[in-house]
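Asker: What follows is a single structure, and I will ask about it in a moment.
The values are calculated or read from the model by the stated rules, or taken from the named source; none is laboratory data. Only a predicted model underlies this, so the values are computations on that prediction, with no experimental measurement involved. For neighbour counting, all protein chains shown are included, and Cβ atoms are generated from backbone atoms with ideal geometry for every residue, glycine included. Please note that ligands, DNA and RNA were not included when accessible areas were found on the heavy atoms of the full protein model with its side chains. Shrake-Rupley method; radii C 1.70, N 1.55, O 1.52, S 1.80 Å.
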Amino acid sequence: MTTRFDIEQRWPELFDGLTETQRWSVAQSLAAAWHEGWEPNRADVANLTEYAGGRIDHAGKLLDDAVGDE
């Protein structure tokens, strides 16, 4: 287990486009999992940031607005 939780510094590009509130929510969710023993990985962080930013739905499917379809 890593000794420091620096998730936004590890993959800053994944947090691009998120509001401060969304960033905080993602970081808090990931920190809670990390405290329970989860090891951060890019795929999980990407999924949560995409969901928080409204680019994918709960099932992980791209939302129409995210790909420019209307």
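Asker: Could you list all residues from the stretch 9-31 that are part of a helix (DSSP H, G or I) and open to solvent by less than 60 Å² (accessible area, probe 1.4 Å)?
Answerer: L14, F15, Q22, R23, S25, V26, A27, L30, A31
Asker: Is there any pair with a first residue in the stretch 7-26 that is of a type in the set (S, T, Y) and a second that is modelled with pLDDT of 95 or more and in a loop (DSSP other than H, G, I, E, B) whose Cβ atoms are under 7 Å apart and which are 6 or more apart or on different chains, and what are they?
Answerer: Correct list of pairs: empty, since none qualify.
Asker: Considering only residues that are touching a helix residue (DSSP H, G or I) at 6+ places or on another chain (Cβ under 7 Å) and either modelled with pLDDT of 95 or more or among the hydroxyl-bearing types (S, T, Y) (or both), which ones fall in the stretch 6-26?
Answerer: Selection gives W11, L14, F15, L18, Q22, R23, S25, V26.
Asker: While we're here: Of all residues in the stretch 43-70, how many are open to solvent by 50 Å² or more (accessible area, probe 1.4 Å), among the β-branched types (V, I, T) and modelled with pLDDT of 90 or more?
Answerer: So the count comes out to 0.
Asker: Would you check which residues across the stretch 28-41 are within 20 Å of G54 (Cα to Cα) and touching a helix residue (DSSP H, G or I) at 6+ places or on another chain (Cβ under 6 Å) and list them? Even if it seems obvious, please write down each step before you answer.
Answerer: The initial filter retains those residues of the stretch 28-41 that are within 20 Å of G54 (Cα to Cα), namely 28-30.
The answer is L30, and nothing else.
Asker: Looking only at the stretch 32-42, count how many residues are assigned to a loop (DSSP other than H, G, I, E, B) and open to solvent by 40 Å² or more (accessible area, probe 1.4 Å).
Answerer: So the count comes out to 5.
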